[in-house]
1. Does region 37-91 hold any residues that are within 31 Å of the chain's Cα centre (by Cα) and of a type in the set (A, V, I, L, M), and which are they?
2. Can you name every one of the strands (runs of 3 or more DSSP E) wholly within region 74-148 that holds 3 or more residues which are touching a residue at least 60 places away in the same chain (Cβ under 8 Å) and away from the ligand (no atom under 11 Å from the Cβ)?
3. Answer with yes or no whether Leu178 is part of a strand (DSSP E or B) and not charged (D, E, K, R).
4. What about Leu52, is it part of a helix (DSSP H, G or I), of a type in the set (A, V, I, L, M) and either more than 27 Å from Glu153 (Cβ to Cβ) or at pLDDT below 95 (or both)?
5. Among the listed residues Phe42, Phe25, Phe8, which satisfies the condition of being free of Cβ contacts under 8 Å to residues at least 12 places away in the same chain and of a type in the set (Phe, Trp, Tyr)?
6. Quick check: is even one residue across region 170-184 at pLDDT below 95 and away from the ligand (no atom under 16 Å from the Cβ)?
7. Just one of the numbered conditions (1) more than 16 Å from the ligand (Cβ to nearest atom); (2) within 23 Å of Lys294 (Cβ to Cβ); (3) crowded, with 18+ Cβ neighbours inside 10 Å is not true of Val160; which one?
8. Being assigned to a helix (DSSP H, G or I) and either out of contact with any helix residue (DSSP H, G or I) (no Cβ under 7 Å at 6 or more places or on another chain) or within 16 Å of the ligand (Cβ to nearest atom) (or both) is the filter here; which residues of region 185-195 pass it?
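The values are calculated or read from the model by the stated rules, or taken from the named source; none is laboratory data. Please read these numbers as outputs of a predicted model, since none were measured by experiment. For neighbour counting, all protein chains shown are included, and Cβ atoms are generated from backbone atoms with ideal geometry for every residue, glycine included.
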Amino acid sequence: MTTNLLDFDLDGLTAFCERLGEKRFRATQLFRWIHQRGARDFDQMSDLAKSLREKLKVHARIEGLPVVSQHESADGTVKWLFDVGDGNAVESVFIPEDDRGTLCVSSQAGCAVGCRFCSTGHQGFSRNLTTGEILAQLWYAEHMLRERFGTGERVISNVVMMGMGEPLQNYTALVPALRAMLDDHGYGLSRRRVTVSTSGVVPMMDRLAQDCPVALAVSLHAPNDPLRDNLVPLNRKYPIEELLQACLRYLEHAPRDFITFEYCMLDGVNDQAEHARQLIELVRSHGQGKAWCKFNLIPFNPFPASGLLRSPSRQVTEFAKILTDAGIVTTVRKTRGDDIDAACGQLAGDVKDRTRAAERMARQRVIALKPVA
Ligand code: SF4
């Protein structure tokens, strides 16, 4: 079996080339061909010696993921479904904006965290993606879009690890993928433009801060432990106080001076004025008076199995105003790709569940905490 070179960051590729008896700089050339030029065929690599190309043909391959489908939204959003074998498929979404192009990347086939408002969570978990499968999403999207737009320029300026899966539960594969995204010989993205989104895997947040500190988004979704235990089951292991302490530790290494809290607005569940006031108290009681976080309010994209509804937009606006009036920077995420089920929380792919998540979640009910005020 040959080695898929998409599985390596530059250090990994260098070690591979050295095992083939090649000099280190050959790895850099090869890495550029693969990631900067989208090469799939060793014969294209005209500045590599013919003897090396022949060696590579015997020992290596550059293999992306088969594309099952591609859907395009009226707003320019593009969603791909990639086959990752054994009946599993994962989704990636490209979101074009005036000043940036963002790719939302999946890290797992399914997800074991089981957040109640997330369609991936309802599908259960099959397996972690490899580094090559994570990178293949970016590799394919970048070079396909470049070709389409007829440009040699970079199309994807930002990557968010917010597709299917909890990236920090697939840490070993994630970090080399992030390094390839950041590498000047790879995609050359700045740390500020690569975001890992986590539901709060505290020990891995600390490791990421040391190993590869990129921008961090935390799926908070609730201002107190009883409600968060219900919406984001991982909270039972790493409750809010532990999570916020981990955020503050992360900030000492982060490329930005704030953490983004994602907050999915669920009608009658977590969207009341009292919840906003509890959030303000949480923010103020941490961070020693500094502005250390931002909130991103996400309109929920309902799906039948969730039993949840989207908060009315008036409620979202009022909630945002309470936070903003307290001096907390708050944005409301624009819904993109709604017409192709590419909006946040709608990514579902195909997952051969090994966790019986759907049954388990059907037995539970979301508790709607009554506002105290
Ligand atoms: S929101 Fe993220 S962590 Fe939660 S179930 Fe969905 S993919 Fe997993």
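1. Ala39, Ala60, Ile62, Leu65, Val67, Val68, Ala74, Val78, Leu81, Val84, Ala89, Val90 - these are the residues of region 37-91 that are within 31 Å of the chain's Cα centre (by Cα) and of a type in the set (A, V, I, L, M).
2. 78-85, 88-97
3. The answer is no for Leu178.
4. So Leu52 fits the description; yes.
5. Phe25
6. For region 170-184, residues at pLDDT below 95 and away from the ligand (no atom under 16 Å from the Cβ): absent.
7. Of (1) more than 16 Å from the ligand (Cβ to nearest atom); (2) within 23 Å of Lys294 (Cβ to Cβ); (3) crowded, with 18+ Cβ neighbours inside 10 Å, only one is false for Val160: (1).
8. Scanning region 185-195 gives Arg192, Arg193.
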